[in-house]
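Single-structure report; data block below.
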Amino acid sequence: MNREDDLEVHEEDELVLSDLINRVLDKGVVISANVTISIADIDLIQLDLRLLISSFTSMMARSQTKARGHLPVRTDPEA
Amino acid sequence: MAIYLYGLILRRNAERVPPDVIGLDHAAVRTVACDDLCALVSTIASSPPRQNLDALAAHDRASWMVVRHAVTAAASRYGQTFTDERALCGDLAMYRKALLATLERYDGYGEMRIIMRAVGEPRSVQAAIARPKDPGRAYLESVRDTLKPRPSLDFRSILGDLFLDERVERRGDLQMIAHLVRFEDEATYRAAFYSHPAMENATITGPHALYSFAEAG
């Protein structure tokens, strides 16, 4: 796999991951008063970044491609 | 200890749930009957559950393992716990009518999801997560973006009657389109999807449990 294919697969992995985060946190049935995350009070995009950064190691371990040495997302100095 | 909820199915479909479904902390997922509905649950050590990517993936994977056996499930939003099964059924009773109507209406269907860039938008995942520094403005703009978004493409002209209904969500320069597709039509749906040149840079996943089409509490 050449570098362009490598980057395409990685970008697709990012999209799939982003969609997973968005749907399990923002969609689906709510029947409990004990939902851990209050969607109205949390910037989901910021939460995406925090989850991605904190779980980068496990995500790359699951990835089918080799690690590229950096996480292609913008870091937030306030995170 | 607490009961963690992954999703809901019609009770008459419970016998088709495989015995090897795994959830958070690698715990076995079981079904709990609440009248004519069944909840997909596992027992977790403490509440609230961990909030990390592995836990989110485990939550999604549990309902996916059920759906891949052609069982329609309404996915629950992440993070819902109950003290015991009685409390679960008690809370569920308040939404029984709406949930039953949804699962009956969509029985035999799964949710296919298409992720693609809005037509004319630049290729940039960064653009999808870039936002103004003011969180209040960012929230209002995200609400505006999600109000009645229209898909970039007319999927009905591409896929015909291969999907029952459609939901569209926009985040930055990305669009997420959810389609209800009959389990037996998945292969035909995928073939029609990939045969269209406009789908070259789109990503398709599923079938999933019902997320966009689940009735929220």
Note to self: Could you list, ordered by first residue, the pairs with Cβ atoms under 8 Å in which the first is in the stretch A:18-31 and open to solvent by less than 10 Å² (accessible area, probe 1.4 Å) and the second is among the aliphatic types (A, V, I, L, M) and assigned to a loop (DSSP other than H, G, I, E, B), at least 6 apart or interchain?
What the structure shows: A:L25/A:I37; A:G28/B:A209; A:G28/B:A214; A:G28/B:A216; A:V29/B:A214; A:V29/B:A216; A:I31/B:M94
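Every residue, every condition in (1) part of a helix (DSSP H, G or I); (2) out of contact with any His (no Cβ under 8 Å at 6 or more places or on another chain); (3) within 14 Å of chain A (Cβ to nearest Cβ); (4) at pLDDT below 90, yes or no:
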residue	(1), (2), (3), (4)
B:D91	yes, yes, yes, no
B:R123	no, yes, yes, yes
B:G136	yes, yes, yes, yes
B:D145	yes, yes, yes, yes
B:K148	no, yes, no, yes
B:P151	no, yes, no, yes
Note to self: Taking the conditions exactly as written (at the interface with another protein chain (Cβ under 10 Å from one of its Cβ atoms) and in a helix (DSSP H, G or I)), does B:L8 satisfy them or not?
What the structure shows: no
Note to self: Residues to consider are B:A55, B:A39; find the one that is within 12 Å of B:V66 (Cβ to Cβ), open to solvent by less than 10 Å² (accessible area, probe 1.4 Å) and touching a Leu at 6+ places or on another chain (Cβ under 9 Å).
What the structure shows: B:A39
Next item on the list: Working only within the stretch B:1-34, note down all residues that are touching a residue at least 40 places away in the same chain (Cβ under 8 Å) and of a type in the set (K, R).
Entry: B:R16
Item checked: Number of positions in the stretch B:24-76 that are away from chain A (no Cβ under 14 Å), assigned to a loop (DSSP other than H, G, I, E, B), closer than 27 Å to B:E186 by Cα and of a type in the set (A, V, I, L, M, F, W, C) -> 3
Notebook entry, point to check: Out of curiosity, is B:H69 open to solvent by 70 Å² or more (accessible area, probe 1.4 Å), modelled with pLDDT of 95 or more and not acidic (D, E)?
Noted result: yes
Margin query: Out of everything in the stretch B:77-88 that is at the interface with chain A (Cβ under 10 Å from one of its Cβ atoms) and in contact with a strand residue (DSSP E or B) (Cβ under 8 Å, 6 or more places away or on another chain), what residue ends up being farthest from B:L180 (Cα to Cα)?
Written below: B:T83
Next item on the list: Taking B:S46 as the residue in question, decide whether it is hydroxyl-bearing (S, T, Y) and within 24 Å of B:M94 (Cβ to Cβ).
Entry: no
Next item on the list: Please go through the stretch B:195-217 and pick out each residue that is within 14 Å of chain A (Cβ to nearest Cβ), outside any strand (DSSP E or B), of a type outside the set (G, A, S) and open to solvent by 20 Å² or more (accessible area, probe 1.4 Å).
Entry: B:E200, B:N201, B:E215
Check: Just for the stretch B:60-80: of the residues that are in contact (Cβ under 8 Å) with a residue 40 or more places away in the chain and hydroxyl-bearing (S, T, Y), which one is nearest to B:P19 (Cα to Cα)?
Finding: B:S63
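The values are calculated or read from the model by the stated rules, or taken from the named source; none is laboratory data. Everything quoted here is computed from the prediction, not taken from an experiment. Cβ atoms come from the backbone with ideal geometry, glycine included; neighbour counts cover every protein chain shown. For accessibility, only protein heavy atoms count, side chains too; no ligands or nucleic acids. Shrake-Rupley method; radii C 1.70, N 1.55, O 1.52, S 1.80 Å.
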